[in-house]
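Visitor: Quick one: the structure is below, and I'll ask about it shortly.
Please treat every number below as a calculation from the coordinates, not as lab data. In this text, all values refer to a predicted model and were calculated from it rather than measured experimentally. So basically every Cβ, Gly included, is an ideal-geometry build from the backbone, and we count neighbours across all protein chains shown.
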Amino acid sequence: MSDRERHEWWQTAVVYQIYPRSFRDTTGNGVGDLRGVIEEMDYLSDTLGVDAFWLSPFYPSPMADFGYDVSDYRDVHPLFGDLSTFDRLVARAHEAGLKVIIDFVPNHTSDQHPWFIESRSSREDPRRDWYVWRDPKPDGSPPNNWLSVFGGSAWELDDRTGQCYLHSFLKEQPELDWRNPAVRAALKEVMRFWLDRQVDGFRIDTVLFLMKDPAERDNPPNVGGPRHLHKPLGAYDAQVHEHDQGHPDVHQVFREVRAVLKEYEPPRMASGEMHVFDWTEWGSYYGADLDELNMPTNFGLLEAPWTAMGVRRVVDGVEAAVPPGAWPNYVLGSHDDPRLATRLGEHGSRQAAVLLLTLRGSPTLYYGDELGMREAEIPPERRQDPWSLTEPELGRDGCRTPMQWSPDPGAGFTLADEPWLPVGGDHAARNVRSQLRDPDSHLNLYRRLLALRRGSAALRTGSYQPLDDVPPDCFAFERSRGAERVLVAVNFSPEPLSVDVPGFAGRVAVSTHRKSEGCELEGALRLLPHEAVVVL
């Protein structure tokens, strides 16, 4: 029996995140669409060689937050196509051997969703308690001190009824009340709608916000500094978000979500977006009986200092926290974070590729990171992200620019004169067509790593064992399954290093410095500056 038969598909899969607005435009309107994903399916399955892709929201939406403000959970925004296009996409993906994961946004809707339009119509409306409505304090101030991630209070006074509604994000994203059984039942039916259309899983947005302190106590002040090291969240970091997310009752919600998934064959999965860096807490969301989330999203490497010790501390913490029988995962880029190659630089982004595709667990790649795409500078007049309107330094447009397929005008993304966001200034060199011709390119490094991973049971499902007797600037570990042993070593130093690995003989199969590939190793490994290698 192969390791793929012993493990569920998401445990051996490499997932590729697609931001549909920016992947490929087939209509000439400057906005990517589902047909563009269909037309590039061979790139995903054959050229690159991933196993699954996750689609950011494509639902009908006023686009206040570019699809994360859903006005209809059971349809496709006309910008992206329609339900028949979506069905063709799923069928084509399955023909290509790819799994399809879709974004599910259950914490809040658009203020244009029919449920909220009814809810705000009067205090007596049957759907009033589908959302979180509260009276302001006697002095007219908000019900408590909770903040919106995007700035200001998380409460918006509605003049029509004299009450405030809760919104942890934009005021156009009112919060559903997940303590209401009718809300839970309705959202579970939404899940079944898409599962019946043969989606393979969900990435659940802002999953910890679903359950908050039922007493709605004030959050305490944060005196310890920013809670998100790579991108402090401005005023939001002024509080410790103890009461407005992550209440223990969320575990029951996750068990109910998992129960819906278990109604379907073949197996379906759910991951949950959470920025939790206490590894014991993070590991608890798998469930005591592994009956909650299949994979709580792990953003630890996004927060880690990019040093040997900083990275190892995260990996060892994750390994210690994953319950027996559960499966870790790693993320190094997303639609909410500055581009990987900008954060870590040329050397660091290549090291990151090696780590992401060799650590024990399921990796998620963000579109364009395989090209080393950089964070784009967006002129003020072209900014789209609502966050940039309140806190410009936190805007996310720079990591959402069009996929760079070619050096042509429009980067092969669109024929429109002006795409929805400007094409990155590095597209002439960092594009698929050009990098496929360059053996030393980012893209070809990813392709070699993905091909190696596909052929190695040790890399897909083997054990993880860190090496202790290595130089301080080196992080090295062994992956093994049965008789197969794989050594991975990363030199974080600008100087060459020598690593003693007694009892290990092999050949450098992949390196960030391609000239090292094919070199034989026996007992000692010599690493070039900033080099990361995989030795078989």
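Visitor: Which order do the peptides 244-255, 379-390 take when ranked by the mean count of other beta-carbon atoms within 10 Å per residue, highest first?
Guide: 244-255, 379-390
Visitor: Where the centre of each part is set by its Cα atoms, how far does region 110-173 sit from region 251-315, in angstrom?
Guide: Centre-to-centre distance over Cα atoms comes out at 30 Å.
Visitor: Here's another thing I want to ask about it. With 10 angstrom as the radius, rank Y446, Y43 by how many other C-beta atoms surround their C-beta, starting from the fewest.
Guide: Fewest to most other Cβ atoms nearby, the residues stand as Y43, Y446.
Visitor: Return the Rg/Rh value of the chain, two decimal places, where both radii are evaluated on C-alpha atoms and Rh is the Kirkwood radius.
Guide: Looking at the chain, the ratio lands at 0.96.
Visitor: Measuring from label point to label point, each 7 Å out along Cα→Cβ, what is the R217 to A186 span in nm?
Guide: Result: 3.1 nm between the two label points.
Visitor: On to the next question. log₁₀ I(q)/I(0) of region 43-108 at q = 0.22 Å⁻¹, via Debye over equal Cα point scatterers, no solvent, to two decimals?
Guide: Here log10 of I(q) over I(0) equals -0.93.
Visitor: Let me ask something else. Using the C-alpha atoms of region 2-48, what convex hull volume per residue, in cubic angstrom, is computed?
Guide: In region 2-48, the Cα convex hull volume per residue is 84 Å³.
Visitor: Just rank E370, E265, E377, fewest to most, by other beta-carbon atoms within 10 angstrom.
Guide: E265, E377, E370
Visitor: Which FRET efficiency, nearest 0.05, do R197 and S141 yield, Cβ-Cβ r, R0 35 Å?
Guide: Computed FRET efficiency for R197 and S141 comes out at 0.15.
Visitor: Right, here's the next one. Sequence-distant or interchain residues sharing an amide H contact under 5 Å with Y131, placed H: which?
Guide: Amide H neighbours of Y131, under 5 Å, 5+ apart: D177.
Visitor: Let me ask something else. For K262, go through the lysines and keep the ones whose alpha-carbon is under 28 Å away, minus same-chain ones fewer than eight residues off.
Guide: Reachable lysines: K99, K188, K212.
Visitor: What ranking do 16-26, 428-438 get when scored by the average of other Cβ atoms within 10 Å per residue, highest first?
Guide: 16-26, 428-438
Visitor: Could you pull out every residue, at least 5 positions away or on a different chain, whose amide H is within less than 5 Å of the one on S148? Hs are placed 1.01 Å off N in the peptide plane, and Pro or chain starts have none.
Guide: Residues meeting the amide H criterion: S153, A154.
Visitor: Suppose R0 equals 45 Å. What FRET efficiency, 1/(1 + (r/R0)^6) with r the Cβ-Cβ distance, do D438 and A235 give to the nearest 0.05?
Guide: For R0 = 45 Å, the calculated efficiency reads 0.55.
Visitor: Nearest-5 percent of antiparallel DSSP beta bridges in the chain?
Guide: Rounded to the nearest five, the antiparallel share is 60 percent.
Visitor: Here is a further query. DSSP loop GluC sites (Glu not before Pro) in region 1-62 with at most 16 other Cβ atoms within 10 Å of their Cβ, which ones?
Guide: Sparse-neighbourhood loop GluC sites (Glu not before Pro): E8.
Visitor: Viscosity 1.567 mPa s, temperature 4 °C: Stokes-Einstein D of region 114-166 from its Kirkwood Cα radius, in µm² per second?
Guide: Estimated via Stokes-Einstein, D reaches 113 µm²/s.
Visitor: As a footprinting exposure proxy, order K188, K137 by other Cβ within 10 Å, with the fewest listed first.
Guide: Ascending number of Cβ neighbours within 10 Å: K137, K188.
Visitor: On the principal axes of its Cα set, how long, how wide and how thick is region 463-535? Give whole Å, largest value first.
Guide: Each principal axis gives a Cα extent; for region 463-535 these are 35, 25, 18 Å.
Visitor: Would you calculate the separation in nanometres between label points at A524 and D87, each defined as 7 Å from the Cα along the Cα-to-beta-carbon direction?
Guide: Going by the 7 Å Cα→Cβ label model, 6.6 nm.
Visitor: Whose amide H sits under 5 Å from the amide H of Q17, counting only residues 5 or more places off or on another chain, with H placed in the peptide plane?
Guide: W54, L365, Y366, Y367
Visitor: How large is the helix-only mean residue ellipticity at 222 nm for the chain, computed as the sum of -39500 (n - 2.57) over DSSP H runs with n ≥ 4, divided by its residue count, in deg cm²/dmol to the nearest 500?
Guide: Result for the chain, helices only: -6500 deg cm²/dmol.
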